[in-house]
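These notes are about the structure you will find just below.
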Amino acid sequence: MPWCMLKGLRCVWRQRQQRRCFSSTPPFRAALLRYMRAMISQISLLAVCNSLHPIEQRLCRWLLLTDERASTDDLRITHDFIAQMLSVRRESVTTALRHLSQAGLIYNRRCSIHIVDRSGLEAASCECYSLTRDAYANLREL
């Protein structure tokens, strides 16, 4: 069963169909390999980010990247879910969200986060956000 982080559209392919398309369609294969390279780079960067940067910067990065991939301005997510994504305690997420809300960067209510000041959130994020964003922008240009 496919797993999705946020409500929205998703595509489900049978493994046999994927293999057939991968081996018989060079443009699809090239696009999928570029995407996989970007994902591996992102995973490596995030591993370093999680060990070096404070929770608030990582939370800003995560909110910005999630917002870019969501089909809505209102992220419907729990603090517990974000804690799992950032590998921190839920209480740490609650405290960091409160600070971001008090700074006027987000509007936070139960199971919902709305980005109010995107440029402010970008400024509060670590440099890993722009590196990841740029990598995906380059991927789309190819």
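To the nearest 10 degrees, how steep is helix 15-24 against the longest Cα principal axis of the chain, on a 0 to 90 scale? With both axes taken from Cα atoms, the answer is about 60 degrees.
The C-alpha atoms of segment 14-142 occupy a region whose extents along the principal axes are 53, 28, 25 Å, arranged from largest to smallest. Estimated from helices alone, the mean residue ellipticity of the chain at 222 nm is -21500 deg cm²/dmol (sum of -39500 (n - 2.57) over DSSP H runs with n ≥ 4, per residue).
Only the coordinates and a few stated rules stand behind these numbers; no lab work does. Keep in mind that what you see is a predicted model, and the values were worked out from it rather than measured.
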